Amino acid sequence: MSRVYNFSAGPAVLPEEVLREAAEEMLDYKGSGMSVMEMSHRSKTYDGIIKEAEADLRELMNIPDNYKVLFLQGGASQQFAMIPMNLMKNKKAAYIVTGQWAKKAFQEAGNYGEAVKVASSEDETFSYIPDCSDLDIPEDADYVYICENNTIYGTKYKTLPNTKGHTLVADVSSCFLSEPVDVSKYGVIYGGVQKNIGPAGVVIVIIREDLITEDTLPGTPTMLKYKTHADADSLYNTPPAYGIYICGKVFKWLKKMGGLGAMKQHNEEKAKILYDFLDQSKMFKGTVRKEDRSLMNVPFITGDKELDAKFVKEAEAAGFVNLKGHRTVGGMRASIYNAMPKEGVEKLVAFMKKFEEEN
Ligand SMILES: *Cc1c(COP(=O)(O)O)cnc(C)c1O
C-alpha cells in the first residue's frame, strides 16, 4: 500500500490515523458485531456516536449553549436554498460575492426573495476580499451572507464584515475547524464536511436558536426546515450515519492535536512554506492579493498553460496528486487542509524548486 500526497480541494485528504481506526472497526464496531454502516440510527450505540460527535465539536469550537448543531445532508449547495427559505422573513438579504460558491448562493437566494449584492470582487476574478467595513446594507435585510474561505480562488476574510447589526451567515466549508472562531459573531455557520472534516454527504449547520422558527417561506418542505432537524436532534430521518461517525473521529483527532489554536499554528506554518516559495520563485506565482491569502487553498500559475500542464503531470507521477486548478481558473491549486502533513508541503516545495531549475 502506498499513499499519495493528495492536494484535492474536496473530497480531500483525511487523517491517516482516522482511516486506520475506521478500518479496524469496519466489521465489528466495539463488540456490536456489526459495522456502523449496518447499525440502526435509533440504536443506543449510534446515539452514543452522534451525541459524542456533537459534544466534541461543541468543545472544539466553544459553541455557546444557545446554538444548535445540526448534521444534515444535501451538500453545502442545499444550504444555498435552505438559508433563504428559513431566514428570509422580510424577503431580502445582502450577499457579498467573492467567488463561485458565494455567487451560486446569491443566485439561489434570488429564487426566494430579493438578494442584494452589496459587494463583489468579480471585477478582478475574485482575487481579493472587498472592503466590508462600511457596506450599504439594506435596513430590512434579514441577513448578510458570506463565503468565508473561497475554495476556488484561495482568498479568506481576515476580518468579518461589519453587518451593521444584521445576522451574519457564513459558508465555511473549506476553512471549517482550521482555526478558532468566535461562534457568537454569527447567526449561522455551515459547511459541507468533505473539504476539511470527513466524507461527502454530511453538512454541519451551527445555528443560533432564535433563528430556528416555524415561520419559513410558504411551501418550504419539511426536510428543509431547520426546526424539523433541530427538534429531532438531527434524527428526523436517517442521517448520513457513517459519515457522521467519521466526522466524530476527526473531532477526536483534532482534540488530540491540541484543538483549533494548535491547528491554526500548524496551518500557518504549512501555508508559509508554500507562500514563501511562491514569493521568491521566478517561475511560479500566487494569484491572489497577499493580505487575503487562504491558509487552506493555494492557487498558483506559471503564466504558461503548457508549462502548467507539464508541472501537473510530472507532479502526479511523483506522488503529488490533484494539483490541477479549478476548471474555471486553470493553473494549479494546492489544498493544504488540516490533514495534510507539513512534510507533504515541504516535499511539494522541494519538487517545485527542482521543476523550476529543470525547466
Ligand atoms: C465545495 C464547496 C461547496 C459545495 O459543496 P457541495 O457539498 O458539493 O454542495 C460550497 N461552498 C464552498 C465554500 C465549497 O468549498
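Remarks
- For the stretch 109-116, putting each phi into the Karplus relation 6.51 cos²θ - 1.76 cosθ + 1.60 with θ = phi - 60° gives couplings of 4, x, 6, 10, x, 8, 9, 9 Hz, in residue order, rounded to whole numbers and with x for Gly and Pro.
- Equivalent-ellipsoid semi-axes of the stretch 46-142, from the Cα gyration tensor, Å, largest first: 30, 17, 15
- Once the gyration tensor of the Cα atoms in the stretch 257-359 is diagonalised, the equivalent ellipsoid follows with semi-axes of 23, 15, 13 Å, ordered largest first.
- Excluding same-chain neighbours fewer than eight residues apart, the aspartates and glutamates reachable from residue 290 by a Cα-Cα span under 18 Å are 122, 123, 124, 131, 148, 268, 269, 276, 279.
- nm² value of the averaged projected area, convex hull over the Cα atoms of the chain: 18.1 nm²
- Close amide H partners of residue 324, meaning residues 5 or more places away or on another chain with modelled amide H under 5 Å apart, are 333.
- Burial ranking of peptide ranges 80-89, 98-107, 31-40 (average Cβ count within 10 Å, highest at the top): 80-89, 98-107, 31-40
- Long pairs among 195/225; 252/285; 185/324, criterion Cα-Cα beyond 29 Å: 252/285; 185/324
- Projected over every direction and averaged, the convex hull enclosing the alpha-carbon atoms of the stretch 126-174 yields 3.5 nm².
- Taking all protein chains as they are arranged and a probe of 1.4 Å, the heavy atoms of residue 41 leave approximately 30 Å² accessible to solvent.
- Per residue accessible area of the stretch 82-213, 1.4 Å probe, in Å²: 34 Å²
- When the helices of the chain are scored as -39500 (n - 2.57) per DSSP H run of n ≥ 4 and the total is divided over every residue, the value at 222 nm lands at -11000 deg cm²/dmol.
- What you get for the stretch 121-195, charging only the Cβ of Lys and Arg (+1) and of Asp and Glu (-1), is a dipole of about 440 debye around the Cα centre.
- Pairs of Cα atoms farther than 15 Å apart, the stretch 136-239, %: 68 percent
- The chain - percent of accessible surface contributed by carbon and sulfur, probe 1.4 Å: 49 percent
- Normalised per residue, the accessible area of the stretch 21-63 is 60 Å², obtained with a 1.4 Å probe and no contribution from ligands, DNA or RNA.
- The chain, relative contact order [Cα under 8 Å, separation at least 6], %: 23 percent
- Ratio of Rg to Rh over the stretch 48-100 (Cα coordinates, Kirkwood Rh, two decimals): 1.06
- Rounded to the nearest 20 debye, dipole of the chain from Cβ charges on Lys, Arg, Asp, Glu: 460 debye
The values are calculated or read from the model by the stated rules, or taken from the named source; none is laboratory data. Values in this document were obtained by computation on a predicted structure and should not be read as measured data. Glycine also receives a Cβ, built like all others from the backbone with ideal geometry; neighbour counts cover every protein chain displayed. Protein only, heavy atoms only, side chains kept; ligands, DNA and RNA dropped before computing areas. Shrake-Rupley method; radii C 1.70, N 1.55, O 1.52, S 1.80 Å.
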